[in-house]
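Data first, discussion second: the structure below is written as structure tokens.
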Amino acid sequence: MEKDFDVAVAHPEHLDKVINGKTKAIGITTNDPLGLGPASTTFADLTGRETYSAIYFRKLITDPVIRKNKLKVIVGGPGAWQLADERIIAKFDIDCVVVGEGEITAVKVFEKALNGDELPRIVQGEVVPLDQIPSIRNPTINGLVEIARGCGRGCKFCNPTLLNFRCRPIERILEEVKVNVAAGLGVLLHAEDVLRYGARGAIPDERKVLKIVRGSLKAGEGC
């Protein structure tokens, strides 16, 4: 039998306002939890200091509110690869690390957590078909709109390049542009490489790139 569960999205500093004794699980998305990204390691080495991303991830993951309520801790996001190690998982007391895309896989993980089932320590996210990537319903931070996912170049040192590259339909993209513009925001087209939108390889398709940029400008003017 399916159960209904409430979902709350909160700023890390406001967890005490949304977590209580009935809360079962918390999902954390992170871009650079250990400060191991290329830019982070470069500047950290130069300054001899720990990155802010690592400091604040540790602050979040050890928040007393999370530990007091004994929540299932599920972590994902672009930087999840940094945590996909049993020693690191044990150190931060993480229940499950989702590496890769989450629209399909993460939902299954949360269902297990809410039902009290045992969670896999590390799970690889299933590639999400284009028609199953959900469109935004409300404005995003800085008006960000995802136009493509993955990279496809296959560089072994870079996580996004290993993901299946595909471009979202321009109609879906322009719908999200309108959502952000209607809220008084600008538009930030986002992909691993925006100029490769619609391309079949490394060479940009000028016609398609211009079409999506001009279409976004026109959609914005119509709101």
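The values are calculated or read from the model by the stated rules, or taken from the named source; none is laboratory data. What you are looking at is a predicted structure, and each value in this text was computed from that prediction instead of being measured. Quick reminder, even Gly has a Cβ in these numbers, built from the backbone with ideal geometry, and neighbours come from all protein chains shown.
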Going through the stretch 16-42 in order, the residues found to be under 24 Å from Lys72 (Cα atoms) and of a type in the set (A, V, I, L, M) are Val18, Ile19, Ala25, Ile26, Ile28, Leu34
How about the stretch 1-42: which of its residues are out of contact with any helix residue (DSSP H, G or I) (no Cβ under 8 Å at 6 or more places or on another chain), among the hydrophobic types (A, V, I, L, M, F, W, C) and surrounded by 13 or more Cβ atoms within 10 Å (Cβ to Cβ)?
Val18
Can you tell me which condition Asn180 does not meet? The list is (1) surrounded by fewer than 18 Cβ atoms within 10 Å (Cβ to Cβ); (2) at pLDDT 90 or above; (3) assigned to a helix (DSSP H, G or I); (4) not hydrophobic (A, V, I, L, M, F, W, C), and all the others hold.
(1)
Scanning the stretch 116-142 for residues that are at negative phi and in contact (Cβ under 8 Å) with a residue 40 or more places away in the chain, which turns out farthest from the chain's Cα centre (by Cα)?
Leu119
Quick check, is Pro129 under 20 Å from Val97 (Cβ atoms) and either surrounded by fewer than 15 Cβ atoms within 10 Å (Cβ to Cβ) or at pLDDT 95 or above (or both)?
no
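Could you list, in sequence order, all residues of the stretch 54-96 that are hydroxyl-bearing (Ser, Thr, Tyr) and either under 13 Å from Thr30 (Cα atoms) or in the same structural domain as Glu192 (by TED's automatic domain parsing) (or both)?
Tyr56
If I ask for residues that are small (Gly, Ala, Ser), farther than 21 Å from Lys178 by Cα and in contact with a helix residue (DSSP H, G or I) (Cβ under 8 Å, 6 or more places away or on another chain), which ones from the stretch 199-215 would you list? So that I can check it myself, show each step before the final result.
Taking the stretch 199-215 as the starting set, the residues that turn out to be small (Gly, Ala, Ser) are 199, 201-202, 215.
Filter once more, keeping what is farther than 21 Å from Lys178 by Cα: 199, 201-202.
Hits for the stretch 199-215 are Ala199, Ala202.
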Restricted to the stretch 137-167 and to residues being in a loop (DSSP other than H, G, I, E, B) and in contact with a Phe, Trp or Tyr (Cβ under 9 Å, 6 or more places away or on another chain), the residue modelled with the lowest pLDDT is Asn159
Pick from the stretch 186-203 the residues that are out of contact with any strand residue (DSSP E or B) (no Cβ under 9 Å at 6 or more places or on another chain) and modelled with pLDDT under 90: which of them is surrounded by the most Cβ atoms within 10 Å (Cβ to Cβ)?
Gly186
Pairs returned, first residue in the stretch 204-223 that is within 16 Å of Ala191 (Cα to Cα), second residue that is surrounded by fewer than 16 Cβ atoms within 10 Å (Cβ to Cβ), beta-carbon separation under 7 angstrom, 6 or more apart or interchain, are Pro204/Leu195; Val209/Leu195
Please determine whether any residue of the stretch 101-113 is assigned to a strand (DSSP E or B) and closer than 22 Å to Ala8 by Cβ.
no
